[in-house]
Structure formats: C-alpha cells, structure tokens
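Take a look at the structure set out below.
The values are calculated or read from the model by the stated rules, or taken from the named source; none is laboratory data. Since we're looking at a predicted model, the values are computed, not measured. Cβ placement follows ideal geometry from the backbone for every residue including glycine, while neighbour counts extend to all protein chains displayed. Calculation scope for accessible area: heavy atoms of the full protein, side chains included, ligands and nucleic acids excluded. Shrake-Rupley method; radii C 1.70, N 1.55, O 1.52, S 1.80 Å.
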Amino acid sequence: MSNRYMKEALTEAKKALLKNEVPVGAVIVKEKEIIARAHNLKESLNRVTAHAEILAIEQASKLLGTWHLEDCILYVTLEPCHMCMSAIIESRISRVVYGALDIKMGAHVSSRNRIDKKLQSELDIVGGILELDSQNLLKSFFKTLRNTKDSV
C-alpha cells in the first residue's frame, strides 16, 4: 500500500521538476483516500515555507476544517526538514513515510536532527520507500542545475 501512495507523491515531485523547483512531492492519506497533494513551490511562490509537506498539511487542514490531522499519513519523497517535521508533529499526523534521505537538512536521521526524540517517538516514521526513484529525480534536477550554472 505504501508504494501506491509514494508513487502519487513522486507524481507531485515530477510536477515540481517541471517548474524548476526541487522535486519533492507529498500526499496525505486518511482512511485510504488521498485528501491532499502538493509539491515544492518555494521558488514559484517566493515563500520559504512553500515546501511540499507544509502545502499538503495546509490543504488537508482546509479540507477537514481542522488542523488536527490525527489518523492521517504523510507520504513524501524526501526526508522532511526540521521546519516540516515540526509542522508534522504540531498537526498531529500519525505517520510519515518518505523516500530518500536528506543528509544535509533531514530531521529524522540526518546530522541536523534537532527534533526531540520523545516527540518523534510518538510519530511513526518509515524511510526508504521507493528511495531510488526519489533519489534519481533529485540527482537529475541538481545535475541539470549544475550544468546550467557551468554554462553561464
């Protein structure tokens, strides 16, 4: 079941890629139904908080009419950063499933992990789902970005 929803998150990530955004996508599932989907729009909206996870949380909250997202699962293609992990915990999402690790900025297993272990223990977190697909999208984006900068 995780792969099905992660594939939907990857579809969102590909939308970000087409917009020259870092290709991260997210979906939120409640009772086996996708209730929110989003992708990074940080550059497009010129908004530091426009990460896929934050946008999906806002969308789910609006749909449900509450910021309490208990019994919801977030599927995201990249390990959430500190800001997003804080929003995930605050929104009371019960489970996070992510694809690729974010060694520099990730808040689950990276060296920048500043999220309280007690808070994280209340949250079920699973990484590595369709990891290679997520990694390949990111690698492709950053390779293109580097090549563009080199040719300028």
Task: Degrees, to the nearest 10: 131-151 long Cα axis against longest axis of the chain - done: 40 degrees
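Suppose the chain between I103 and E70 were pulled fully straight at 0.36 nm per residue; how much longer would it get relative to their current alpha carbon spacing?
Values: separation 33, 0.36 × 33 = 11.88 nm, distance 2.80 nm.
Extra length from I103 to E70 when fully extended: 9.1 nm.
Could you work out the percent of alpha carbon pairs in the chain separated by over 21 Å, rounded to a whole number?
Values: 4493 of 11476 pairs.
Percentage above 21 Å: 39.
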- [ ] Compute the acute angle (0 to 90°) between the alpha-carbon long axis of helix 2-18 and the principal axis of greatest extent of the alpha-carbon atoms of the chain; round to the nearest 10°.
- [x] 40 degrees
- [ ] Could you list the residues of the range 41-77 with an amide nitrogen less than 15 Å from a label point located 7 Å from the Cα of M83 in the Cα-to-C-beta direction?
- [x] 41-58
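In the range 28-57, what GluC sites (Glu not before Pro) fall in a loop by DSSP, with at most 16 other Cβ atoms inside 10 Å?
Working: sites: E31, E33, E43, E53; in loops: E31.
Here the sparse-neighbourhood loop sites are E31.
Rounded to the nearest 500, what is the 222 nm mean residue ellipticity of the chain from helices alone, with -39500 (n - 2.57) per DSSP H run of 4+ residues and division by all residues? Mind showing how you got there, number by number?
Details: 6 runs with 70 residues, N = 152.
Calculated at 222 nm, the ellipticity per residue is -14000 deg cm²/dmol.
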Task: Length-normalised contact order for the chain - Cα pairs under 8 Å, 6+ apart - percent - done: 21 percent
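Roughly to the nearest percent, how much of the accessible area of the chain is carbon and sulfur, given a 1.4 Å probe?
Values: 4460 of 8400 Å².
Carbon-and-sulfur percentage of accessible area, whole number: 53.
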Open item on the list: At a 10 angstrom cut-off on C-beta neighbours, averaged per residue, how do the peptides 8-20, 74-86 rank from highest to lowest?
Closed with: 74-86, 8-20
Open item on the list: How high is the relative contact order of the range 1-89? Use alpha-carbon pairs under 8 Å, at least six apart in sequence, and give a whole percent.
Closed with: 28 percent
